[in-house]
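To start, the structure under review is shown below, and the notes come after it.
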């Protein structure tokens, strides 16, 4: 059996550990693994009749080749945000022509399936967030055997309690906030720390909760700057070291404002976010007159080596996915449910959204994490 | 027995507490007393002092920040110069005033010395650009933080075939950018002292990517000249969208290379946290030397590292024009561009 594996969307620490574990587990069963480079892009840009392009977008892997890859973050297979089912006219490769009468964006899924056949792939293991896996679901529906592994630093894939990368991202956030305390305290300022987190505020909320930050602004609740300013001024006055800190999700909005987006939308309809931390900082400075330390953690949150928990989950998801693939299953996503490793239909990712339960975990009046009940919740509380 | 007053002024810098500890412990060995002056020059003007015994400096060695606090007040700007600090000095019988601060603070100390105070300077900046000393404490810690960030960002850049611009501190001199860029194996380093040609940088990235390395890290000191013809976007509230020269460079590099370009501004992360081993040792030695200079009555001096020795030099040397990256060092860094 030949197993294909690819990584899509944003990189997170733990991807390489998952790739290594798939290769080793497959080898134990006597199967081979081929890596598809640059996410779904390979399936669009490979010309099955051109051996050079087949080689360019693939990486044969065996246990020796993957021996050391788990020691670093990122992904050795590289990634992209390409969606072969939604291709802009400008992105169509020269050797392809859109189907007659089709509208932009074009669907090149039949071509993608041809490419998988050209590689002789019997079953595909995509590792990605809900965007990447949604195309995995599409291929499953087209008859391609697919076993999905969820990853995202936001932990927002519906159908699983945990996605590879979240623990390391929060660990980084907590660590950097700790390091900012000395500067913020020495100068008696307010620190505004912007964290990744597009439509869901988990990273801001959970990081603030764990780092003991005074206030957290999350994507789900527009913030009233005057109220936030009052709270932070009081927090600072009450702190013997005379400083205060607030985390802000990159997708947060100021009341009366809108999400700060830039650039063109990608194939999944997302534009680049960023800048709300600076905005909140400038406004707080104006209202309070207190000097602000603005810090965006940004890409540093998902950079570097995985922590132990992400190594644990990456290895176990990979082993489970490989076993399902070898058993001949398809359309499954490996998952954690109630603290137990399991698998669910991949279609679950499209059946709901996974967000912070604001009523249960956050006080929108005081902009504070407020974990009302812990019993019965998954390890990371959502 | 004499009395030493000590204050920290200006920005936070890893190793400040190590200097204070080095000074206090050595001073007591010399049978001198140490008074901590709180919140920089402000505390000296307002008479906020506290006795520092060895107990007070226990366990502060690895801690960032400063146990004495700091402020941006200056006796010549916010007071009547020497007159505004003389009362606290006299009332507490302070024989020597040890001032830990950056080049601006040292200039204030020099002026107070000329007006009658017995000052000893300890140079402090993470930027490593103070004249008269080979290294300043805090610099090594900042370089390590930036190097770690470059190592981590390299995997992200590679995963997405991107160019990542890492903006670091350095308004007028590029020491952190040069050291960390060299240590992190960056593909290019842009510093204020050396004019750059953006076309040339783009060509270098394009050539590298053509040869199969599909990602690049460019370290940018915050003080470099921005590229021409850049207009900052305003947000709905009329604030500038994102400051920082790297944000201005990114679209230009993206356009010239055709590669996705992203920005990470390390900002305050560079001066927070716990000092490196090198900075703890350097800071402790500088603090101890300041205590010895005070015991010997060598005022108007500054402690410094010269050729790996800790020495006292005239304070005026530390107040000379700030020091840029030397050509030899930058030429080594340049050998690894691309």
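The values are calculated or read from the model by the stated rules, or taken from the named source; none is laboratory data. Everything numeric here is computed off the predicted structure, so don't read it as measured data. Positions of Cβ are generated from backbone atoms using ideal geometry, with glycine treated the same way; all protein chains shown enter the neighbour counts.
I'd like to know if region B:250-261 contains one or more residues that are assigned to a strand (DSSP E or B), in contact with a helix residue (DSSP H, G or I) (Cβ under 6 Å, 6 or more places away or on another chain) and surrounded by 20 or more Cβ atoms within 10 Å (Cβ to Cβ). Full working, then the answer.
Taking region B:250-261 and keeping what is assigned to a strand (DSSP E or B), we get B:261.
If we keep only those that are in contact with a helix residue (DSSP H, G or I) (Cβ under 6 Å, 6 or more places away or on another chain) too, we end up with B:261.
The next check asks that each one be surrounded by 20 or more Cβ atoms within 10 Å (Cβ to Cβ); those that pass are B:261.
Scanning region B:250-261 turns up at least one residue that is assigned to a strand (DSSP E or B), in contact with a helix residue (DSSP H, G or I) (Cβ under 6 Å, 6 or more places away or on another chain) and surrounded by 20 or more Cβ atoms within 10 Å (Cβ to Cβ).
Here is a check on your reading of the model: is residue A:246 outside any loop (DSSP other than H, G, I, E, B), away from chain B (no Cβ under 14 Å) and within 26 Å of the chain's Cα centre (by Cα)? Steps first, please.
Working: outside any loop (DSSP other than H, G, I, E, B): yes; away from chain B (no Cβ under 14 Å): yes; within 26 Å of the chain's Cα centre (by Cα): yes.
So residue A:246 fits the description; yes.
Could you tell me which numbered condition residue B:130 fails, if it satisfies all but one of (1) in contact with a strand residue (DSSP E or B) (Cβ under 9 Å, 6 or more places away or on another chain); (2) closer than 16 Å to residue B:64 by Cβ?
Residue B:130 satisfies every listed condition except (2).
Within region B:175-186, count every residue that is more than 14 Å from residue B:266 (Cβ to Cβ) and either buried (at least 24 other Cβ atoms within 10 Å of the Cβ) or modelled with pLDDT under 95 (or both).
2
Look at residue A:93 and say whether it is crowded, with 22+ Cβ neighbours inside 10 Å and in contact with a helix residue (DSSP H, G or I) (Cβ under 7 Å, 6 or more places away or on another chain). Break it down stepwise before answering.
On the way: crowded, with 22+ Cβ neighbours inside 10 Å: no; in contact with a helix residue (DSSP H, G or I) (Cβ under 7 Å, 6 or more places away or on another chain): yes.
The answer is no for residue A:93.
So how many residues does region B:106-131 have that are within 14 Å of another protein chain (Cβ to nearest Cβ) and closer than 15 Å to residue B:7 by Cβ?
Result for region B:106-131: 1.
Check region B:132-145 and report whether any residue there is within 11 Å of chain A (Cβ to nearest Cβ), in contact with a helix residue (DSSP H, G or I) (Cβ under 9 Å, 6 or more places away or on another chain) and part of a helix (DSSP H, G or I). Before you say what the answer is, go through the steps one by one.
Keep residues of region B:132-145 that are within 11 Å of chain A (Cβ to nearest Cβ), which gives B:141, B:145.
From what is left, the residues that are in contact with a helix residue (DSSP H, G or I) (Cβ under 9 Å, 6 or more places away or on another chain) are B:141, B:145.
If we keep only those that are part of a helix (DSSP H, G or I) as well, we get B:141, B:145.
Checked region B:132-145: at least one residue is within 11 Å of chain A (Cβ to nearest Cβ), in contact with a helix residue (DSSP H, G or I) (Cβ under 9 Å, 6 or more places away or on another chain) and part of a helix (DSSP H, G or I).
Taking residue B:67 as meeting all but one of (1) over 21 Å from residue A:290 (Cβ atoms); (2) touching a helix residue (DSSP H, G or I) at 6+ places or on another chain (Cβ under 8 Å); (3) assigned to a helix (DSSP H, G or I), write down the number of the exception.
That leaves (3) as the condition not met.
Let me confirm something: among B:85, B:122, B:57, which residue is under 26 Å from residue B:269 (Cβ atoms), modelled with pLDDT of 95 or more and in contact with a helix residue (DSSP H, G or I) (Cβ under 7 Å, 6 or more places away or on another chain)?
Details: B:85 fails: under 26 Å from residue B:269 (Cβ atoms); B:57 fails: under 26 Å from residue B:269 (Cβ atoms).
Sole residue among the options that is under 26 Å from residue B:269 (Cβ atoms), modelled with pLDDT of 95 or more and in contact with a helix residue (DSSP H, G or I) (Cβ under 7 Å, 6 or more places away or on another chain): B:122.
Does residue A:35 fit the bill of being assigned to a strand (DSSP E or B) and under 23 Å from the mean Cα position of the chain (by Cα)?
Numbers: assigned to a strand (DSSP E or B): yes; under 23 Å from the mean Cα position of the chain (by Cα): yes.
Criteria met by residue A:35.
So, in region A:291-337, how many residues would count as being in a helix (DSSP H, G or I), on the phi < 0 side of the Ramachandran plot and within 14 Å of chain B (Cβ to nearest Cβ)? I'd like the intermediate steps shown before the answer.
Our first condition is that a residue be in a helix (DSSP H, G or I); within region A:291-337, this holds for A:298-302, A:308-326.
Narrowing further to those that are on the phi < 0 side of the Ramachandran plot: A:299-302, A:308-326.
Cutting the leftovers down to within 14 Å of chain B (Cβ to nearest Cβ) gives us A:299-302, A:310.
Residues that pass the stated criteria total 5.
Quick check on this structure: which one of A:115, A:76 is more than 29 Å from residue A:337 (Cβ to Cβ), surrounded by 17 or more Cβ atoms within 10 Å (Cβ to Cβ) and more than 23 Å from the chain's Cα centre (by Cα)?
On the way: A:76 fails: more than 23 Å from the chain's Cα centre (by Cα).
Sole residue among the options that is more than 29 Å from residue A:337 (Cβ to Cβ), surrounded by 17 or more Cβ atoms within 10 Å (Cβ to Cβ) and more than 23 Å from the chain's Cα centre (by Cα): A:115.
Any idea how many residues of region A:88-137 are outside any loop (DSSP other than H, G, I, E, B) and closer than 27 Å to residue A:316 by Cα? Write out each step before concluding.
Initial filter on region A:88-137 (outside any loop (DSSP other than H, G, I, E, B)): A:89-91, A:106, A:109-118, A:123-128, A:130-137.
Among the residues that remain, those that are also closer than 27 Å to residue A:316 by Cα are: A:116, A:123-128, A:130-137.
Here the count works out to 15.
Of all residues in region A:1-32, count the ones that are within 26 Å of the chain's Cα centre (by Cα), part of a helix (DSSP H, G or I) and either surrounded by fewer than 24 Cβ atoms within 10 Å (Cβ to Cβ) or away from chain B (no Cβ under 14 Å) (or both). Show your work before the answer.
In the first step, residues of region A:1-32 are kept if they are within 26 Å of the chain's Cα centre (by Cα); the result is A:3-26.
Subsequent filtering for residues that are part of a helix (DSSP H, G or I) retains A:15-26.
Then keep just the ones that are either surrounded by fewer than 24 Cβ atoms within 10 Å (Cβ to Cβ) or away from chain B (no Cβ under 14 Å) (or both); that gives A:20-26.
The total comes to 7.
What's the total number of residues in region B:3-18 that are closer than 13 Å to residue B:122 by Cα and assigned to a loop (DSSP other than H, G, I, E, B)?
Final tally of qualifying residues: 4.
When region A:274-295 is examined, which residues are found to be touching a helix residue (DSSP H, G or I) at 6+ places or on another chain (Cβ under 8 Å) and under 15 Å from residue A:183 (Cβ atoms)? Spell out how you get there, then give the answer.
Filtering region A:274-295 for residues touching a helix residue (DSSP H, G or I) at 6+ places or on another chain (Cβ under 8 Å) gives A:274, A:280, A:283-284, A:287-288, A:290-295.
Once the filter is applied, which keeps residues that are touching a helix residue (DSSP H, G or I) at 6+ places or on another chain (Cβ under 8 Å) and under 15 Å from residue A:183 (Cβ atoms), region A:274-295 yields A:290, A:291, A:292, A:293, A:294, A:295.
Going residue by residue through region A:338-361, is there one that turns out to be surrounded by 17 or more Cβ atoms within 10 Å (Cβ to Cβ), assigned to a helix (DSSP H, G or I) and within 14 Å of another protein chain (Cβ to nearest Cβ)?
no
Could you check how many residues of region B:26-51 are part of a helix (DSSP H, G or I) and crowded, with 19+ Cβ neighbours inside 10 Å?
Within region B:26-51, the first condition is being part of a helix (DSSP H, G or I), and the residues that meet it are B:26-29, B:40-46.
Among the residues that remain, those that are also crowded, with 19+ Cβ neighbours inside 10 Å are: B:26-27, B:40-45.
Number satisfying all stated conditions: 8.
Taking the condition of being over 18 Å from residue A:250 (Cβ atoms) and surrounded by fewer than 24 Cβ atoms within 10 Å (Cβ to Cβ), how many residues in region A:125-137 meet it? Quick ask: steps written out before the conclusion?
Step one: list which residues in region A:125-137 are over 18 Å from residue A:250 (Cβ atoms), which gives A:125-128, A:132-137.
With the extra rule that they be surrounded by fewer than 24 Cβ atoms within 10 Å (Cβ to Cβ), the set shrinks to A:134, A:137.
Number of matching residues: 2.
Name the residue, out of B:188, B:183, that is farther than 20 Å from residue B:247 by Cα, in contact (Cβ under 8 Å) with a residue 12 or more places away in the chain and more than 14 Å from every other protein chain (Cβ to nearest Cβ).
Values: B:188 fails: farther than 20 Å from residue B:247 by Cα.
Just one listed residue meets the conditions, B:183.
Could you list all residues from region A:249-259 that are at pLDDT 70 or above and either more than 10 Å from chain B (Cβ to nearest Cβ) or in a loop (DSSP other than H, G, I, E, B) (or both)? Don't jump to the end; show me each part of the working.
Here is the first cut: in region A:249-259, the residues at pLDDT 70 or above are A:249-258.
Result: A:249, A:250, A:251, A:252, A:253, A:255, A:256, A:257, A:258.
Going by the structure shown, is residue A:264 at pLDDT below 95 and part of a helix (DSSP H, G or I)?
On the way: at pLDDT below 95: yes; part of a helix (DSSP H, G or I): no.
So residue A:264 does not fit the description; no.
Given the residues B:193, B:167, which is the only one that is closer than 15 Å to residue B:330 by Cβ and at pLDDT 90 or above? Quick ask: steps written out before the conclusion?
Values: B:167 fails: closer than 15 Å to residue B:330 by Cβ.
It is B:193.
Check residue A:280 against each of (1) modelled with pLDDT of 90 or more; (2) at the interface with chain B (Cβ under 8 Å from one of its Cβ atoms) and name the one condition it does not meet.
(2)
Being in a strand (DSSP E or B) and either more than 13 Å from chain A (Cβ to nearest Cβ) or over 20 Å from residue B:321 (Cβ atoms) (or both) narrows it down to one of B:204, B:165, so name that one. Spell out how you get there, then give the answer.
On the way: B:204 fails: in a strand (DSSP E or B).
One residue alone meets the criteria, B:165.
Do any residues in region A:106-122 that are under 14 Å from residue A:35 (Cα atoms) have Cβ atoms under 6 Å from those of residues that are assigned to a helix (DSSP H, G or I), where the two are at least six apart or on different chains, and which pairs are they?
Once the first residue is under 14 Å from residue A:35 (Cα atoms) and sits in region A:106-122, its partners that are assigned to a helix (DSSP H, G or I) give A:115/A:43.
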